[in-house]
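The values are calculated or read from the model by the stated rules, or taken from the named source; none is laboratory data. Fair warning: this is a prediction, and the values are worked out from it, not measured in the lab. All Cβ positions, even for glycine, are placed from backbone atoms using ideal geometry, and neighbour counts span all protein chains on display. The protein model used for the area step is the full one, side chains on, heavy atoms only, and it has no ligands, DNA or RNA in it. Shrake-Rupley method; radii C 1.70, N 1.55, O 1.52, S 1.80 Å.
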Amino acid sequence: MRVLLVEDNESITEPLVDGLSQYGFTVHQSRTGADALRAPLGDIVLLDLGLPDMDGIDVCRQLRRTSEIPIIILSARGEETDRVVGLEIGADDYVAKPFSLRELVARMRAVTRRTRTTAPPPPVEEAPAPNGARVLGELVIDRRTRQVQVQGHFVALTPKEFDLLALLAEDPGAVCPREHILRNVWDPNFFGSTKTLDFHIATLRRKLGNPTWIRTVRGVGFSLVVPASSPPDFPPHH
């Protein structure tokens, strides 16, 4: 697997390049954002945010405009808001520094496996939705099998992401308050940061391929809105 490593800190890049090579990865290093945008992308991008010439967020945004290559952000910015922003603008995963090489490699393999091996089933319009499935335009939610499809593509969701989507789908268009979501998807006695919900909403929007599926009502909560038909932002399948 060919890796584009966008990082200017040699104390990080040298051991990381050596470690990744032991796992069979071929690494090309870019030390600036401008260099990264000109470099061959390979199979996956590991992107630092603190680059000398531009913010890594801008690099990620520009890469995502032209490519569906998997992007993992590596950053010392470990706050939940930073992770939410990174995922919302198109990153596939976010790893806070310091991190272990084994965890990074596992995440790299998981991301590339998800983007490479998920083959689309027949389009929804050519095969009837399973019994008991909820059909909302191009979105199909099957509670029995806990599977989700958008335009015939199966979308891999975590259990919490599925529960969140299913809850919003119970009454499309209606605003579901944050407290109601946390109480029903997480725990009646949930005392964690509400940013956890924002993080899951950001990831869910990205996986559905169209951010307009979920509308934010500031200070209140979220609602599921069936958007106008448009091609979902899925990675290409070969």
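Exactly one residue among D48, D82, D58, D93 is more than 17 Å from Q29 (Cβ to Cβ) and touching a helix residue (DSSP H, G or I) at 6+ places or on another chain (Cβ under 6 Å), and that residue is D93. Exactly one residue out of T212, T196 is at pLDDT below 85, within 18 Å of R83 (Cβ to Cβ) and not aromatic (F, W, Y): that is T196. Considering the conditions (1) in contact with a strand residue (DSSP E or B) (Cβ under 7 Å, 6 or more places away or on another chain); (2) under 23 Å from R114 (Cβ atoms); (3) not aliphatic (A, V, I, L, M), R178 is excluded by exactly one of them, (2). Going residue by residue through region 98-113, is there one that turns out to be within 17 Å of the chain's Cα centre (by Cα) and of a type in the set (G, A, S)? Yes, that holds for at least one residue. Residues in region 139-176 that are open to solvent by less than 60 Å² (accessible area, probe 1.4 Å) and of a type in the set (D, E): D142, E161, D163. Residues in region 149-167 include none that are at pLDDT below 90, out of contact with any helix residue (DSSP H, G or I) (no Cβ under 9 Å at 6 or more places or on another chain) and part of a loop (DSSP other than H, G, I, E, B).
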